[in-house]
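The block underneath contains the structure these notes are about, expressed in structure tokens.
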Amino acid sequence: MDIRVRLGVEDLIAAYSAAIDEDRLEDWPDFFVDAGRYNILTRDDFDEGLPFGVISAQSKAMLVDRVTALRQANIYEPHGYRHIVGPIRVLSEEGGIAEARSNFVVVRIMKDGTTDLFVTGEYRDKVDVR
């Protein structure tokens, strides 16, 4: 595996997480290609092979729409997130597409400082490394 590919994938995932943690949600869709897909599935849904989950976007434009809805239509108590990601494993790279896996933990921090475990899981990424 080319070390530049591995480091590039690691940098991408770190920058992706930072965009969310730093509330730069408008930057977040730019981490995807136009036809990029984003799905959040429960473990049970994944194990059952179900194609759609809690959140499912089939294009970058759908991600932009999700951010717009979050900013303009959703009402929620102010809070932030912190991602802890790692280790990042690049499993393969073929035709300029790297396949990566990484475990993550996300905590939610409320305005009063209360911190809760929000979600844990595994990123399963396909990254254009060309």
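The values are calculated or read from the model by the stated rules, or taken from the named source; none is laboratory data. Predicted model only: the values in this text are computed from it and were never measured. Cβ atoms come from the backbone with ideal geometry, glycine included; neighbour counts cover every protein chain shown.
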### Query
Is it true that some residue in region 37-59 is surrounded by fewer than 16 Cβ atoms within 10 Å (Cβ to Cβ), of a type outside the set (A, V, I, L, M, F, W, C), modelled with pLDDT of 90 or more and within 25 Å of Met110 (Cβ to Cβ)?
no
### Task
Return a yes/no flag: does region 60-72 have any residue that is within 26 Å of Asp116 (Cα to Cα), surrounded by 15 or more Cβ atoms within 10 Å (Cβ to Cβ) and of a type in the set (Ser, Thr, Tyr).
no
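Report whether or not Phe118 is over 23 Å from Gly8 (Cα atoms), touching a strand residue (DSSP E or B) at 6+ places or on another chain (Cβ under 9 Å) and not in a strand (DSSP E or B).
Numbers: over 23 Å from Gly8 (Cα atoms): yes; touching a strand residue (DSSP E or B) at 6+ places or on another chain (Cβ under 9 Å): yes; not in a strand (DSSP E or B): no.
Judged against the criteria, Phe118 is not a match.
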### Cβ pairs under 6 Å, 6+ apart, first in region 80-96 and more than 15 Å from Val129 (Cα to Cα), second of a type in the set (D, E, K, R) and part of a strand (DSSP E or B)
Tyr81/Arg108
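Filter region 86-118 down to the residues that are under 18 Å from Leu41 (Cβ atoms), surrounded by 15 or more Cβ atoms within 10 Å (Cβ to Cβ) and hydrophobic (A, V, I, L, M, F, W, C) and list them by number. So that I can check it myself, show each step before the final result.
Within region 86-118, the subset under 18 Å from Leu41 (Cβ atoms) is 99-106, 118.
When the remaining residues are screened for being surrounded by 15 or more Cβ atoms within 10 Å (Cβ to Cβ), the result is 99-100, 102, 104, 106.
Passing the criteria: Ala100, Phe104, Val106.
Do we have Asn74 as over 17 Å from the mean Cα position of the chain (by Cα) and either outside any helix (DSSP H, G or I) or hydroxyl-bearing (Ser, Thr, Tyr) (or both) here?
Taking the combined requirement at face value, the residue satisfies it.
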